[in-house]
Structures are given as structure tokens and as C-alpha cells.
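What follows is a short report on a single structure.
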Amino acid sequence: VQLQASGGGLVQAGGSLRLSCAASTRTFSSTAMGWFRQAPGKEREFVAAIRRSGGYKYYSDSVKGRFTISKDAATNTVYLQMISLKPDDTAVYYCASTNGFLSTIRDVRQYNYWGQGTQVTVSS
């Protein structure tokens with residue numbers, strides 16, 4: 001099982017970034033892939049997820065309309081396109097995979113495998 005996140009960086013408010021998560025074939029075949037983030041002193045929180053079957057997408061209210069999750073089966077890669085970034089989006093972003101229940105797809109506890117995280121910093 002392998003997840004490798006990349007694409008973070010420093011950007012001004014209103015800017016955009018695209019995160020990538022390269023997965024092994026086995027991991028990419030999980031029930032769902034997700035993105036989470038963790039800011040200093042805060043708990044890790046759900047950002048977005050995409051189902052293997054049907055490609056259904058889920059977003060947290062705080063990023064809906066600004067972030068887009070997608071996947072490329074040819075390269076086993078999951079993306080998180082982020083636009084209109086705000087300073088509150090500053091965090092370490094993690095990709096993860098789960099074979100758990102879709103009813104709790106936003107629950108960090110059901111994700112089994114995690115990438116190493118990539119830092120996103122949004123300056124005001």
C-alpha cells in the first residue's frame with residue numbers, strides 16, 4: 001500500500017493549487033480515496049472524497065464550490081484542485097484510502113492508509 005502526496009506550496013489568498021496523490025494499484029482500488037487536512041493545533045478534518053464506483057464525490061461545506069476532487073485511473077492518481085484559496089485553508093493536506101462504509105466516508109477514523117502529507121500555506 002502506498003500513497004504519495006505532492007503539489008503543496010505557498011500561495012496568496014485567491015490563488016490556486018493542485019494536489020496530487022499517487023497510489024499503488026491496490027490502494028487505488030479501495031472503496032474510496034479522500035483528502036484531509038490538519039492545521040496546527042487542530043484535529044485532522046475531512047476535505048473531499050471520491051468513490052471508486054461511479055466516481056461520486058463528497059466535500060466538506062468549507063471547501064464546496066472551491067475544491068474539486070478527481071481521479072485518473074490510467075495513472076492511479078487522485079487530484080485535489082483548489083481555487084479561491086483562503087488563509088483558513090492553510091494546513092498539511094493528506095490523501096488516504098478506505099474500504100469502509102460509504103455512509104461514514106467523511107470520518108477520518110475509517111481511513112486505513114495515509115500518505116505523508118503536503119503543506120499548503122495561503123498568505124493574506
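Bridgeable lysines around Lys71 (alpha carbons under 25 Å apart, same-chain partners fewer than 8 residues away excluded): Lys57, Lys86. Computed over the range 28-71, the P(r) tail beyond 18 angstrom holds 30 percent of alpha carbon pairs. Solvent-accessible surface (1.4 Å probe) assigned to Leu102 amounts to roughly 60 Å².
Take every Cα pair under 8 Å whose residues are at least 6 apart in sequence, average their separation, divide by the length of the chain, and the relative contact order is 36 percent. With kT/(6 pi eta Rh) evaluated at 10 °C and eta = 1.306 mPa s, and Rh the Kirkwood radius from Cα pairs, the chain diffuses with a coefficient of 112 µm²/s according to Stokes-Einstein. Measuring nothing but protein heavy atoms, the accessible surface of the chain at 1.4 Å probe radius is 47 percent carbon and sulfur. What does the extension gain come out to for Glu43 and Thr121, with contour length at 0.36 nm per residue minus their alpha carbon separation? Difference between extended and current length: 26.4 nm.
Pairs of C-alpha atoms in the range 80-124 farther apart than 12 Å represent 68 percent of all such pairs.
Computed over the range 3-52, the percent of Cα pairs more than 18 Å apart is 44. A 1.4 Å probe run over the protein chains yields, for the chain, 52 Å² of accessible area per residue, whole-number rounding.
The values are calculated or read from the model by the stated rules, or taken from the named source; none is laboratory data. These figures come from a predicted structure and were not determined experimentally. Surface accessibility is based on the protein's heavy atoms, side chains included, excluding ligands, DNA and RNA. Shrake-Rupley method; radii C 1.70, N 1.55, O 1.52, S 1.80 Å.
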